[in-house]
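Read through the structure below, which is laid out as structure tokens, and then see the notes.
Each reported figure results from applying straightforward, stated rules to the coordinates on display, with no laboratory input. On a predicted model such as this, the values are computed, not experimentally measured, just so you know. Ideal geometry is used to build each Cβ from the backbone, glycine not excepted, and the neighbour counts take in all protein chains shown.
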Amino acid sequence: MPAIRTSFLLACAALIAVCVHAQNKPPITLDEFMNATEIHSARISPDGSAVVVATTVPDWQQNRFKEDLWLWTEKSGLKPLTHSGHDSSPAWSPDGRYIAFTSDRPVASGDDAEKDETSRVWIIPIAGGEPFPLYKEKLDVHAFAWSPDSSNIYFSVTEALSKDAEEQHKTEWKDVVRWREQERGDLLLSLAVTSAVEQSTSTPEAHKEDKPADDKPSLPRDAKTITHSNLEIAEIQPNTKNSQIAFETTAISHRLENPANAEIFLVASTGGEAKQLTHNQGLETNLRWSPDGQHLYFAVRAAAGSVEGPYTDVQGRLYEIDPASGNITRLGSDFKGSWEDYTVNADGKLIACGLTGVEQRLYRVDGNSSSELNAFPGNTSGVDAALHGNALIFTHSAIDDPAQIYLASAGQPHNAKPVTAFNTIFKERAQVEWEPFDWKSDDGTPVQGVLIYPPGKKGQKNLPMFTLIHGGPADADGNRFGADWYDWATLAAAKGWLVFRPNYRGSSGYGDKFMLDIAPHLVSVPGRDILAGVDALAKQGIADPDHLAIGGYSYGGYMTNWLITQTTRFNAAVTGAGAVEHAANWGNDDVTWDDAWYLNGTPWEKPELYQGEAALFQMDKVKTPTHLVGGQSDVRVSYFQDVLLERVLERLNIPHSFLAFPGEGHGLEKNPWHGYIKVREELKWLEKYAAPK
């Protein structure tokens, strides 16, 4: 017994030492947090021996975000591949000799370069050398893909006007926008890589752009037109076994006004009229051919419609289509969560990322069945398999573990090794702790969320609490890393807040019924879920009921705006890009079809729902000091919804502050200072109105 007691005391002493050491680490600062590197995408080489990684990082001096590519090999490790700060969406050539990517870097120098912001396809040789453009004409690329033999690149651009037609349009219409009428479809083009190589290595005089005849459009020299589409071509996938090319379309305006604008087509690589393969109300994405070229796979993401019937916002699903018959088969239907991403292994099996609750893991999908491949906790995404062999890569993170790219065997992802090491500063700072939290809504529905504790505070009671609501609503907060202006929960926790992240009804990962229960009560049902969670935390003594704050962006802003009309228990609110009424927002945003689905119809069909589920008509109940933000070029949630809310708060004499970000859309992707200032001021607002004095 004495020996056991001694061992126990030594273990306790060691644990205390670890805890003291952890508490001695300083908390993450705002500057460190907002300077995080984001992994945007990664692709494995055809033979599995190398990985290209695309990252985004703030460039504070230039008031922009830098996008660069990195190359990992076993021999050299991770090294920068490009340095322009404008490069993204990398794709390996099937022979592994080149990487193509999109970039708006200029092709010329001097004054012409400053005026040229065209997004083109660029190519870089892996053996060494500088990147060169596939073409030099001012044609923005919408999508691109390598031909199976690596000789050509297929790409889509808006159908170009001839010089005569352009001049005639300017003369007749000046700067007037002809809404819808001036929209033009896409051309699917093919261009030999050798042509681009020759132009990149020729003398400056020899590779000047050819002057097209005034009555002909300015297309790249030697480019071959494969087909024309009345819609934008958003994704291209050549068949590796025959001369077919599959492509997915989307609306030219990028407004979801009709799911029929998003369909899969098939065309011969030799050119001709494309055949439409799908006719449904799902928004297909991530096209991939089976290795034998007999089947085409695709996904429909969460809240992106339905292949099986009328438009319905269910969880993410996977499908297989037979191009010959057009028959579509659902895959992995036994999985009760949401399929978020997938790849096709060299053996023809699908490896997919599946979200259930607060975890997202890897699964092998075989017909209707799925089986889990990795059991380690956290979030696995961005999976990509090598064209040959069994190597694959994926991105993995956890709340306290920054996202990294891992390389593994398809059958043994638990033995994966990291190939990146970004954001090491987070491991050098005091670590937040977290746990899932379960409660029941007022109607008995089980709901789950996440609690993130300040460093060293897990298990303590009566903590000031900040309820941070995710957007979507088809999303879920869980065991994944976040460090930006949108996902700043761990920074708030580092500042002393218990952060409550509720996965209310409408969230993905909890079954189709849980997602569908949000309609047609777009905010009232999720609102009751959230308030029930806040009540449960206060009742259990975890949250201090006298120091509560609430906030969110996008749909999280919708919910924040609604909840401050339903209760006065929150001492402070921070909201952004959230609608306060639904009729004008239906007419302004780019997902109008989705809005109408959530509310069971258009404003004139369901006026009682549009008004009953709108915060605007209950604003007389608001007492909560509210800070709001919005991008002035936002087309997802109109900036004028923010202006409307500010006017209401001003009229009601509610303490408020309003930050408007010039030129920013919904994602605040233009200037990193906008996101920095957003979070800085939101933290100040919480401290001023809700923190213990």
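Structure data summary
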| read-out | value |
| --- | --- |
| In Å, descending, principal axis extents of the Cα set of segment 147-195 | 46, 21, 11 |
| Lys, Arg +1 and Asp, Glu -1 on Cβ, resulting dipole of the chain about Cα centre, debye, nearest 20 | 2260 debye |
| Evaluated over segment 386-499, the Cα radius of gyration and Dmax, each in Å | 17.2, 56 |
| Residue (of W488, Q540, Q566) at the positive-pole extreme of segment 431-689, dipole from beta-carbon charges | Q540 |
| Mean separation of Cα contacts under 8 Å, 6 or more apart, over the residue count of segment 431-689: relative contact order % | 17 percent |
| Spin-label pair V643/E257, simplified geometry with 7 Å Cα→Cβ offset, distance in nm | 2.2 nm |
| Length released on extending from K417 to N462, taking residue separation times 0.36 nm less the Cα-Cα span | 12.1 nm |
| Estimated dipole of segment 512-595 in Debye, rounded to 20 [Cβ of Lys and Arg +1, of Asp and Glu -1, Cα centre] | 320 debye |
| Square roots of 5 times each gyration tensor eigenvalue, C-alpha, segment 431-689, largest first, Å | 26, 22, 17 |
| Debye, to nearest 20: dipole size of segment 431-689, +1 on Lys, Arg Cβ, -1 on Asp, Glu Cβ | 840 debye |
| Residue pairs, from the table K66/K241; K75/K349; K66/K138; K25/K417; K417/K670; K66/K623, whose Cα atoms sit over 32 Å apart | K66/K241; K417/K670; K66/K623 |
| Helix-only CD estimate at 222 nm, as mean residue ellipticity for the chain, using -39500 (n - 2.57) per DSSP H run (n ≥ 4) | -6000 deg cm²/dmol |
| Alpha carbon centroid spacing (whole Å) that separates segment 647-668 from segment 586-605 | 24 Å |
| Rounded tilt (10° steps) of 672-689 against the dominant C-alpha axis of the chain | 10 degrees |
| Relative contact order, percent, the chain [alpha-carbon distance under 8 Å, six or more residues apart] | 9 percent |
| Gyration tensor verdict on segment 69-207 (Cα atoms; rounded if a/c is under 1.5, prolate if a/b is larger than b/c, oblate otherwise) | prolate |
| Exposure proxy ranking, count of Cβ atoms within 10 Å, fewest first, for I518, I654 | I654, I518 |
| Interatomic Cα distance distribution for the chain, bins of 20 angstrom, percent | 16, 50, 30, 4, 0 |
| Selected from T285, F617, V525, residue furthest toward positive end of dipole (the chain; charges at beta carbon) | V525 |
| Of A584, T249, L78, farthest towards positive along the dipole that unit charges on Lys, Arg, Asp, Glu beta carbons give the chain | L78 |
| Ranking of E183, E605 by count of other Cβ atoms within 10 Å, fewest first | E605, E183 |
| Whether segment 548-594 is rounded, prolate or oblate, judged on the alpha carbon gyration tensor where a/c under 1.5 counts as rounded | prolate |
| Neighbour-count order for R120, R330, fewest beta carbons within 10 angstrom listed first | R330, R120 |
| Nearest 10 degrees, 0 to 90: helix 163-173 Cα axis against the chain principal axis | 50 degrees |
